[in-house]
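The values are calculated or read from the model by the stated rules, or taken from the named source; none is laboratory data. Not measured: the values here are computed from a predicted model. For neighbour counting, all protein chains shown are included, and Cβ atoms are generated from backbone atoms with ideal geometry for every residue, glycine included.
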Amino acid sequence: MRPGQAEHDRLKAELPETAECVADCPYCADSREKASKEENKVSEPNAKVYDQESVDALLESARSKAAEEARSETETELAEAKAALTVKNEELEAANAKVEELEGQIEERDEKERLDTLADERAAKVAEVTEFSEEQISERKEGWAKMSDEDFDTLLADFKAVTESASANGGAKNKGGKEKPPASKIDGTRETAGATGTDTDRMKTFMVGLNA
């Protein structure tokens, strides 16, 4: 009998029915049996024992595997994000192209409206100083609208000078009693260049404006 075993057994017998000895008591038979089994298990020839180097290697392998899985998952998410970004960029480029197209259409519309308004204004000014027919003015007002302000003012002054010169040289009366300017032909000639022939340069300008 182990030393102290008798005292242990006596004290254990005096314990209440609901009380038990400590779990790892070295004097209890069941504790000794369990300890013996643990010792036998460790001492079995086929039991695998890991030294610190092996444990470190296993931990490193587990860490590497986890890191690789995390890296692979991150790369997949990154690729998906890049693909989504590419789609959004393409949509943005298409939207910008549409905006530019619409802006171009608006600019063209505004420019056309400006030229149409300017053409009407300049046609009215030409009508005031010449006896051109409505058809002649209508056919040429678009070209007048494209001229710079300076060029049109010069042209208008020449129109007026030619008309006044024709009136001074005995132009025919029109129905309203105004002096009628010499008839001008579309091919760039006129019936008379004036009594002295000093209107030649102005007449050239006149015909350029007429055929604009």
| note | Contact list, first residue from region 132-150 and polar (S, T, N, Q), second anywhere and assigned to a loop (DSSP other than H, G, I, E, B) and buried (at least 17 other Cβ atoms within 10 Å of the Cβ), beta-carbon distance below 9 Å, six or more apart or interchain, is GLN136/THR130
| note | Of the listed residues (ALA6, ALA81, ALA66), the one being at pLDDT below 80, aliphatic (A, V, I, L, M) and either surrounded by 10 or more Cβ atoms within 10 Å (Cβ to Cβ) or in contact with a helix residue (DSSP H, G or I) (Cβ under 8 Å, 6 or more places away or on another chain) (or both) is ALA6
| field | Among (1) within 48 Å of the chain's Cα centre (by Cα); (2) modelled with pLDDT under 75; (3) surrounded by fewer than 18 Cβ atoms within 10 Å (Cβ to Cβ) - the single one GLU191 does not satisfy | value | (1)
| request: Kindly indicate whether THR163 is modelled with pLDDT under 90 and either outside any strand (DSSP E or B) or in contact with a Gly (Cβ under 7 Å, 6 or more places away or on another chain) (or both). | output: yes
